[in-house]
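Heads up: the structure comes next, in structure tokens.
The values are calculated or read from the model by the stated rules, or taken from the named source; none is laboratory data. Just so it is clear, the structure is predicted and the values come from calculations on it, not from any experiment. Cβ atoms come from the backbone with ideal geometry, glycine included; neighbour counts cover every protein chain shown.
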Amino acid sequence: MAEARPLTAPAARRPSSSSSSSSRPCGQRPRPRREVSVAEEVEVQHIWVYCQDAEEQQDIISCCKESTRPRMRAETIERSNSAALQGQIRNLLSSLPAPYGPNDWPEFWEDVSVLLAASVASSKHARAQKHSDEGSRAARWPPLLVTDRTKLCEAALGSLELKQALASAGHLPVSRLLPVVLSANFGLVSGLVVEGAPLEVCQSRALRQAAAPPGAPA
């Protein structure tokens, strides 16, 4: 009869020490980076970037490169110079949406042309990826337009007339217009940056109440 041999567990794999520290352009306390194994599905979120400040734009792109789940793919977008589109949108609006003033058409057009161009490009990309594995996974994470144009962020959030005009000019459903995120808030909105310090134990109200003598004020 063969001699039984004791079973031994395989040696634990030692963690790699080759990870390098990189700059954290979106804030001081980034969310801990999670390594994605080859076996896991790679979820993708497309981020369209338009910032007048070149340093701000590069900051957003660097943040996207740090992401893992979802993996954010940043693409820059340029404004449209189409005179036909300008005229069409001008005719579709009764007035410029707040916070733009009556004399802000050049600034307004520069902003909304970027939103329209990014939305059209995103829609084309979604159609191209519709039947691919990447497309089915990416649908969980909506594409975004990230910009430092504060007026555009306000107008895109509050004006239904603007959304309808842009959708009509771009031959898109309103739902295909990209959500607009201010670049200064992108780190928090995306979850790449955690704001604020951890709560100190001594500041915990629950622990203070538990340690306080009966009848003591909370």
The condition of being in contact (Cβ under 8 Å) with a residue 12 or more places away in the chain, within 23 Å of Ser183 (Cα to Cα) and surrounded by 16 or more Cβ atoms within 10 Å (Cβ to Cβ) holds, among Ile89, Ile77, only for Ile77
Go through (1) more than 25 Å from Asn103 (Cβ to Cβ); (2) at pLDDT 90 or above; (3) of a type in the set (A, V, I, L, M, F, W, C); (4) surrounded by fewer than 13 Cβ atoms within 10 Å (Cβ to Cβ) for Leu160 and report which single condition fails. (1)
Selected residue [of a type outside the set (Gly, Ala, Ser) and more than 22 Å from Val174 (Cα to Cα)] from Arg90, Arg69: Arg69
Counting only residues that are of a type in the set (S, T, N, Q) and modelled with pLDDT of 85 or more, which one in region 99-144 is surrounded by the fewest Cβ atoms within 10 Å (Cβ to Cβ)? Asn103
Boolean, Thr147 is modelled with pLDDT of 95 or more and closer than 26 Å to Gln45 by Cβ: yes
